[in-house]
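Just below is one structure, and these are the notes that go with it.
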Amino acid sequence: MRKAVQAIVDVDIKQNRGVVKSKEMIDWDRPHGVRVEFRIDGRIQLNGDGRLLTYLEGTTLVNPHLKLKYRLNEADWVSIDRVSDVLPDVPPATLPHPHTMKLGEFITHAGLFGKTEFGKFLKTGFSRVSDLTLKDLVKNGIPKSMIDAPVNKLSEEQFKNAFQVIGKTELQSPSTRSVLTVGEESLAKSILRLGDVDFFSVVARKPRICDFKPVVVEVALARFLNRGSEDESIQLLRFANRVPLQFDKGACAITAAVESVNWRSYGLPQSKDSLPSGPYVFAVSVVSPFIKFKNASKETIDASDELVEEIRRALMQAGQKLSRHIRRENKEADLERKISHIEQFGPILVDGLVRISGAKESRKIKAQEGLKKLLGRDARDAEADLSDAEVKLAALKEKQAKAGLLFSTSSKEDAVESEVDDDLDDGGEDEEQTGAAARGTGKAAVKGTTAKVVEKPTAKPVATTGKEARGTDKVATTTTTTGKDARGTDKSARK
Amino acid sequence: MDKVIRIRKLTKDIPKEVRLLCDSMLEELEKANRPVLEAVKCSLDNSFYNPKVGYLTPGDKRVRTELNVSSVQKMARVVFMLEVLLANLQSGAVNTKRELCYISKGKVKRDPKLKALDFAGQDESDAIIDFVGDMLEVYREELNCFANDRGGQTYSQQLVVTETLPDDSKAVVDLSALGTTPFQPKNKPQALTLKAKKKIEFCLVVESEGTAGSLVANGMTRRHNCIVMGAQGVPSNGVRGWCKLIQEQLKVPMFFCGDLDAYTVQNIYRTLKAGSAASLIRNADFSAPDVHFLGVLPEDVKKYDLDCYNVNERDPAEARSLKKAKDALQNDPFFQDKKNRKLSQILEWLIKNKKRCEQQAFYAVDPKDPQAFEKILVDKIRADLIFRKSLSCRSPMEGVGCAGH
């Protein structure tokens, strides 16, 4: 029988850390996984920005592998099943990318390599630096003698010069393996869990360097049939490294990016410099080993121009896909309107003309026939427009089906709208989506909260993606033992 | 019902024209062709101004409405409204636009087949009535549709108005016998004949009705042989037609006094003098081309040290007014005409200085003297008249008083 770790974890609110109690090894009947159970006792507000249900929804969305079961007060249990059984690869540790460092960091990093030759230091100390890159660096101004010189013999001036040349030289984008993205496919499945989706579009951008750090932006836009209204602003769900951002929405880079897009051109109503309106949920996830937050509580991503532009691009891509559905709807409404106009106004027009001109009944019948012919032609044109729009949409869906982004198991298969971003020139080796690692995102920040964790750790190295800017686990993570990845057990106790 | 007095001698037989129009539309439908309705395009880009004519006239541009699925609603509504108006013309009944909106609603309520035609609001029915007028090239008054009376309160000790009533009886109104009550022209056409008991020196139209009342209460009409009229903002058709009547029948110099701001110059004064782009087909009878702008002029601000306000560009109405002034300079043929150079210079001054000055600011010149404003106005008028006399012609700058030259 496999073994797993079971423990009770208490949250020390004052020190903001978990305290592990009653740790023990138990039998475990599953190959891997984590199970976290906790009870929240306190004054809780449920709906709206920064409220519990929004937090749970957000967590559900960006963790397709998560199975969530909860009960609010005396209400019935709510169970949300996982939509992805694919075991996410835990990202391997990745060397830093040369473009992600500032000069001081570059020199400090070099200090770790002592007598190593400068060229070797670049190749072994950084990712995306190869022999070919070294040749490019020499071509761009680094003396060949410097490449062979030991790092500890180089002057600050030489480092400065080398740093500038590296900055100017085009390198491959940083590896996506270093970040835990949700992935388009998983995001597309996961968004269906939030409610009755009319249609949606998801976009996962390739990694980009923003403010010297690798960043991946993922966006899911969905229109719901059973939430929100045409007059209300869209619901914006923000995520930083899979953690829902609950507060201070106005100052966040994600909000700034959403407001900067002209959504009217995609068919969504929007007042100037504000969020668009409609029964939509916009989910924007920013993933990076180094997210710059605006405040110590890590609730707001700093709105630097580069990051806002990157998020904006992702939103615009998703908006373009969304607009195909909206445009088709408009065409449909147009046809409906035209047909109803013919039926409604045609006879009234003819009757009025006959009454005023005092024409006979025979003329009336003839005029009605003529009118039908005329307006029928227009309706046929509108029908042709609609079928054109439908053909285009079907072609797009076929393309996506080939890419594996349509799900026959879902009743909403027609609604899926997603596209792999191919407008970046990034090296394609890192396109594999890492999905979700078995990490608890339970954020037990309520007084008196305790959690019991049963965990079977993994033999694979834990995702050390540099300085991950935000630990998502306030409950518990790895500790011990053997074998392969672990999945949770039912045997956890509740305090 | 009373016979309705007409504004002009109309050569058109409106009911006949309407029947012919409907008959031709029906004929087109029988042939499965698309009937077309055409109307004069009433907009600035189809407006022309010739100072010799004196008002904005329409160009050749037409608005064409061809029957298709998008326009079938409008066409059905036009025919529906034509039927309502035709019934009014035949019975002699008259209505306001609002009443016509409710008449339409009443018809729709009684006939479920017409439900689709129902107007959501008065703006929708107004647009159809305006289109009918532009299409037939007739005034709304000629369709027995009249507006409410607004503005034009007139005071004079010399003016006598004789009104010929529909039954051909005469009603004589001596304005000097009305006491403190003004004579108010109606938006409904009136057959009026004007006579002056003594030679009238000038006619002054004041933008603010309140200020006109104050001038009269302080004795202006007793001291001067004049007509004082309150415009009450943008002059209504009644006021414009009344000014035209005074100009034509009495041939007295006419002056306009209003605020120094873009709205007054381009909306109030321009409409009084040359009509508006929205009513191109009616400007001939509803404008007074001889009216002169007396002020407030930019030079008055300096000369009398008048209090000004800065235009608040954050206020949407004021910002819009400034933008419209810029547009007027670029697109309005009235302000582009060289005869109106002085007026366009006023707009340029307003855009540049972003200031506005109210007509009441003249009351700050000599607060102890209740007649100070009157004296300034009379001085400006006399200076203008002398200047014009000296030239033995009209002011070189058409439309702007010469006071201050």
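The values are calculated or read from the model by the stated rules, or taken from the named source; none is laboratory data. Just so it is clear, the model here is predicted, and its values are computed rather than measured. All Cβ positions, even for glycine, are placed from backbone atoms using ideal geometry, and neighbour counts span all protein chains on display.
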Report summary line: Within the range B:268-309, restricting to residues that are within 20 Å of residue B:325 (Cα to Cα) and modelled with pLDDT under 90, the one that is farthest from the chain's Cα centre (by Cα) is B:309
Query - Long-range neighbours under 8 Å by Cβ, at least six apart or interchain, first residue without any contact (Cβ under 8 Å) to a residue 12 or more places away in the chain and in a loop (DSSP other than H, G, I, E, B) within the range A:86-104, second among the hydroxyl-bearing types (Ser, Thr, Tyr) and surrounded by 16 or more Cβ atoms within 10 Å (Cβ to Cβ) - result: none
Report summary line: Turns out the strands (runs of 3 or more DSSP E) fully within the range B:40-80 with at least 2 residues that are more than 8 Å from every other protein chain (Cβ to nearest Cβ) and in contact with a Pro (Cβ under 7 Å, 6 or more places away or on another chain) are B:47-49
Report summary line: Among B:100, B:85, the single one that is within 14 Å of chain A (Cβ to nearest Cβ), in contact with a strand residue (DSSP E or B) (Cβ under 8 Å, 6 or more places away or on another chain), closer than 30 Å to residue B:288 by Cβ and not in a loop (DSSP other than H, G, I, E, B) is B:85
Query raised in the report: In the list A:119, A:114, which residue meets the criterion of being in a loop (DSSP other than H, G, I, E, B), in the same structural domain as residue A:146 (by TED's automatic domain parsing) and in contact (Cβ under 8 Å) with a residue 12 or more places away in the chain?
Result: A:114
Report task. Could you tell me which numbered condition residue A:368 fails, if it satisfies all but one of (1) more than 14 Å from every other protein chain (Cβ to nearest Cβ); (2) touching a Pro at 6+ places or on another chain (Cβ under 8 Å)? Result -> (1)
Report summary line: Counting only residues in the range A:354-406 that are closer than 30 Å to residue A:84 by Cα and outside any helix (DSSP H, G or I), the one modelled with the highest pLDDT is identified as A:403
**Report entry** Residues (in contact with a strand residue (DSSP E or B) (Cβ under 8 Å, 6 or more places away or on another chain) and at pLDDT below 90) located in the range B:1-44
**Finding:** B:5
Requested in this report: Mind checking which helices (runs of 4 or more DSSP H) fall wholly inside the range B:259-347 and carry at least 3 residues that are under 24 Å from residue B:208 (Cβ atoms)?
Outcome: B:270-274, B:298-303, B:316-331
Query raised in the report: Taking residue B:36, is it in contact (Cβ under 8 Å) with a residue 12 or more places away in the chain, surrounded by fewer than 16 Cβ atoms within 10 Å (Cβ to Cβ) and within 14 Å of chain A (Cβ to nearest Cβ)?
Result: yes
Requested in this report: Would you please name the residue that is modelled with the lowest pLDDT, looking only at residues in the range A:181-217 that are assigned to a loop (DSSP other than H, G, I, E, B) and within 19 Å of residue A:253 (Cβ to Cβ)?
Outcome: A:212
